[in-house]
Amino acid sequence: MSLFSPPGRLPQPSRKIAFFLVSIFSLAAAACIYLSLDRISEDIAVMLPDNDPKVARDLDFFRGSPWADKVFILLEAGPNTGEQRLQNAAGAFANQLPGEYFPRVLGLNRSDQTVVFRYFLERLPLLLGPDALSELEDEFNYEAVRKRMRENRALAGGSQGIFFKDAVRLDPLNLRRFFLSGLKNLRGLAALDPKEGFTLSKNGQDALITAACSVDPTDSKKSREMLDALDKVQANLLPPDIECTVVSAHAYSEANARIIRSDMNIVLGLSAAGLFLVFGLFLRRPRSLWILLIPALSLLWAAAAYCLVFPVLSGIVLGFGAVLLGLTLDFGVHVYAAAETSGEGENPARKVFAPLMASGLTTCSGFLVLSLSGISGIRQLSFLAVCGIAAACFLALFVLPGLVQKNRSGPAFLARFSPPGRGKRPIVFWSLFLLFLACASPFISFSGDLKNVGYFPDRLRGAEERIKEIAGPARDGTMIVAAGADVQKSLRLNDLLYRELQSQGVSREFVSSSPLLPAKKTQGENLETWHEFWTPKKKEQLREWLTRAGKEFGFRPEAFTPFVRLTDQRTKPEAITPEGLSRIGLPGLAEVFIGSNDAVYTYSAGRDQEAAAALSSTAEDLPGVHVLSEAGIGRRLGQSVKKDLLLYAGLGFAVIAAFLLLVFRRPLDIFLAFLPPASAVLALTGLFALFSVPLNLFHAAGVPLAIGLGVDYGIFMLFWERSRDKSGTPGAVFISGLSTMLAFGALALAGHPALSSLGISVLIGVGAASICALFVLPFRKNTNNNPQKPTEQRRLK
Amino acid sequence: MKRLILVFLLLFPAAATGFPEEEILDSLQREAREIKTISSRFVQKKDLSMFENTLRSKGRFYFRDPDCLRWEYTAPYEQGFALCKKKGVKWDEISGEQKISTTGNPMWEILSEQLIAWSRLDMARLQKNYRIQVKKKDPLVLTLVPKAETMRNAISELVIRMSRQKGVIQEITFFEPDGDRTRIEFNSTQTNTSLPQGIFSGK
């Protein structure tokens, strides 16, 4: 007995036993799933590659970036709304944000600018590096000091004198220019110190509130609660002429969940209607509804196995698994078709045992290949699919026959349906068509842009653009990360990076915290250099020049004592630290540059991400420094999708070929069995290339399903072709293909790009596989091995 | 009972005069509303502890309702700034002319906000930032104490002396916490006259 020939006595359990066994197993599975519900995560990261260390690391850096835990609230004034009205509303909104979700609102307790300025001036020795001191050395002469005195006199007597009094006394030589020049770009980073908790756009029409949020964006329940709380604040405080948009990971997740819910209502409705239409039109018997038990129970059992094996469960994997296991409907349809064409007391499972086992094992082997995928979600999906198909085979062979036993005579659609065998012409035509698609396929493009598979409502997209304009370059995408073992090590690395950017002459293209927040180690080195610079002779000289030049411009002799004190060897200013900045009311500086992962982020000041990435590429020579750009990560994800697709298609086909060889032995049969899945893949890649549609992650996820169904159709049709009885297989393939296309056609109409992508790819793949299986494969039926008489064939047609 | 009334009057002196501050401030604002442009000369005297003597400067001031300013020193150093709709230029003998914007630049923002509020006698804004008291009625002298601690770190008190000319300031004195003082005396003030072209956009 071969693996694919039915056992001598195939047990056919009675309905009672079948019901009992199925109920026990299903209850146990349902209980197992129920107990695991709290382990289900909705994190999209499961569908991102984890085998490319660079992509995985970059994604971690994006997640840990200072902006990842922030919520941006954009208030947009109406055409007749005054700026003051908008400011009042924004101030009130920032003050009323619920502390439970928003522990900090940037700039709510505005720092005193004079205190901040003095804080840095008192720490001049910690901020000036060797380059600055070497420049000071060059201009250390009386004329230069005199020139500075004139400047100081003008500054103190001018309109801004009140703000610069400390600067004149603590820094009469204007040494602050060395670190202030590095901060020019910080002015664009308005979110650093917004006024009274919000930043106003240049035209005064938008106000931006930036708040740190304690809610994990992957926690959909808490995210919903947080967004509801914001809605309440909005309803209580905002007048109707001011529009509010919340932009954050939470808002995107919520928008996605909402559209998926709405899509599901439409898609499930349409799919169910389509399925009932197919069953009603072609199967007609109420007992045919038992077929639906196969996908339902195989999913239930497979999900239970998934819960038992994996510690963290993915809602996305379960969702896709449910779609994928829709293919097990085929097994039920084939058993039902066999039952329709079987005689009294004959077990229909015997008729379809061989093709069903061959199809099940081949599809399983194809899905096993997916366990090599670089995407964790796909590997989990592979496990779920293999378990589900195994369960479906068991249910189809041992449970369903007892439920769909024929109890009424009369020819059914399945028995009457026969494909139009038209000789070799269809196969030649189809082969040419596939060849054409194969030629087009290499031109397919791959997209790794996550924005192509997520739902980004126009309103959020527009608000995001406005926020980029208001908040400055930090929200613009390209970042350089300095990641050390702790914050101080990261800050040190960031200093080295800044020096590197300075040495390349591109530091002005970036916004870095280094000029104002160097690492403690760098500050220590700077202090040492400072003390070495101020030799006793130089100090004496300085004192003399300051007194002489100062007198000329009216300064008292002791006016510059605070600066002279800084040159003393015993002076050791307290280090500049993130905590110290918080103390003086400037937490924004650390908040905007240091991520939750303790890494320090430098932002590109320009809008051209590619150019910024190219400029900073040499920075990556520093160990621990990484350049992040949305474009770069998209490119790598695209490469990953391409690699995975080639893996699915290449290795999957090789394994399937091995199985087909085992089943059919004859090269022509193997070639023919291959045609439906090959048609599915080539139709997909060829049509996408012809219409210039880039293949994304979710298009690729539909490929295994199309291949699996294509293999099923090929195997069943070839077994049918070789068989000497009427098993109703073509009708089953027709119904299976039609119901799958209806279901995925409905999915293709979804508003969510991921669902729509999956629907389109399966629709194209299964459509091509069905056409091939029904119209191309049966080319020998009329001439070879046909047990039917020609007259009977004509009648059935 | 008499003692109680005395305590009440001491605590709330305004109550004794029927809240004249509000009336005075309202009429001041009404007068200021009529003013669309201001052109004035000024003399600034700064008594700063780091200087031996008083620093004297003189210059010109222009304002156009609602938000255009020009503050320019003509001696001893030529420097100043002009701002209109939050954008403008500043200039001095060393750096020359430079573009400025009050957005994202707190120092310019505070400076321009205050100057505009005083020029327009925008009582709503001034009362939001200062506790205002009428020190003398004729000529009117107001004292302004900043409400915010951050502001009080720079200015402990402001004294504004109004001119007999309606809605026009004659003198402003800033008192700083460390004892430094700046007095600005305005003279030759003209209101609602036409101003030279381009004075709010360049040097």
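The values are calculated or read from the model by the stated rules, or taken from the named source; none is laboratory data. Just so it is clear, the structure is predicted and the values come from calculations on it, not from any experiment. Every residue, glycine among them, receives a Cβ derived from its backbone with ideal geometry; neighbour counts consider all protein chains shown. Quick note on the areas: whole protein, heavy atoms, side chains included, nothing else; ligands and nucleic acids left out. Shrake-Rupley method; radii C 1.70, N 1.55, O 1.52, S 1.80 Å.
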- prompt: Which distance in Å, rounded to a whole number, links the C-alpha centroids of the stretch A:572-592 and the stretch B:163-203?
  reply: 38
message: Using just the Cα positions, wrap the stretch A:557-698 in a convex hull and report its mean projected area in square nanometres, one decimal place.
response: 17.7
- prompt: Length gain on complete extension for the stretch A:Ala296 to A:Leu622, per 0.36 nm per residue less the alpha carbon to alpha carbon distance?
  reply: 111.9 nm
query: What span do the alpha-carbon atoms of the stretch A:697-767 cover on each of the three principal axes, reported in whole Å from largest to smallest?
result: 47, 19, 10
message: Can you tell me which aspartates and glutamates have their Cα less than 14 Å from the Cα of B:Lys203? Leave out same-chain residues fewer than eight positions away.
response: B:Glu72, B:Glu78, B:Asp92, B:Glu93, B:Glu97
- prompt: Roughly how many whole Å is it from the C-alpha centroid of the stretch A:133-181 to that of the stretch A:203-256?
  reply: 46
message: How much length would be gained if the chain were fully extended between A:Leu277 and A:Arg146, taking 0.36 nm per residue of separation minus their Cα-Cα distance, in nm to one decimal?
response: 37.7 nm
statement: Expected sort for B:150-159, A:230-239 on mean C-beta neighbours within 10 Å, highest first, is B:150-159, A:230-239
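Take the solvent-accessible surface of the protein heavy atoms, probe 1.4 Å, and return the percent of it on the protein assembly as shown that carbon and sulfur atoms account for.
57
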Nearest-20 debye value, the stretch B:16-70 charge dipole, Cβ charges on Lys, Arg, Asp, Glu: 640
statement: Mean projected area, convex hull of alpha-carbon positions in the stretch A:286-326, reported to one decimal in nm², is 2.9
message: Residues of the stretch A:154-177 that become at least 40 Å² less accessible with every protein chain present than in their own chain isolated, using 1.4 Å: which are they?
response: A:Ala154, A:Ala156, A:Gly157, A:Ser159, A:Gln160, A:Ile162, A:Phe163, A:Lys165
task: Take the Cα atoms of chain B, build their convex hull, and give its volume per residue in Å³.
output: 143
- prompt: Quick one: which of A:574-586, A:486-498, B:178-190 comes out on top by average Cβ neighbours within 10 Å, and what's the full order, highest first?
  reply: A:486-498, A:574-586, B:178-190
message: Run the numbers for B:Lys166 and B:Lys36: contour at 0.36 nm per residue of separation, minus the present Cα-Cα distance, in nm.
response: 45.5 nm
Lys/Arg +1, Asp/Glu -1 at C-beta; chain A dipole; positive extreme among A:Ser223, A:Phe671, A:Ile162: A:Phe671
- prompt: Where nothing but the Cβ of Lys and Arg (+1) and of Asp and Glu (-1) is charged, how large is the charge dipole of the protein assembly as shown around its Cα centre, in debye to the nearest 20?
  reply: 2380
- request: Please work out the ratio of the alpha-carbon Rg of the protein assembly as shown to 2.2 N^0.38 Å and round it to two decimals.
  value: 1.30
message: Please report the antiparallel percentage of the DSSP beta bridges confined to the protein assembly as shown, to the nearest 5.
response: 95
query: Which whole-number percent is the relative contact order of the stretch A:226-385 (Cα, under 8 Å, 6+ apart)?
result: 20
- prompt: How many Cβ atoms of partner chains, on average, are near each residue of B:51-58 if near means within 10 Å of its Cβ?
  reply: 4
Highest to lowest packing among B:162-168, A:728-734, scored as the average C-beta count within 10 Å: A:728-734, B:162-168
query: Where nothing but the Cβ of Lys and Arg (+1) and of Asp and Glu (-1) is charged, how large is the charge dipole of the stretch A:473-567 around its Cα centre, in debye to the nearest 20?
result: 300
- request: Decide, for the stretch A:51-177, between rounded, prolate and oblate: order the square roots of the alpha carbon gyration tensor eigenvalues as a ≥ b ≥ c, take rounded if a/c falls under 1.5, and otherwise choose prolate if a/b is larger than b/c, else oblate.
  value: oblate
query: In whole Å, how far is the Cα centre of the stretch B:86-135 from that of the stretch A:72-103?
result: 23
- line: With only helices counted (DSSP H, runs n ≥ 4, each -39500 (n - 2.57)), the per-residue ellipticity at 222 nm for chain A, to the nearest 500, works out to -19000 deg cm²/dmol
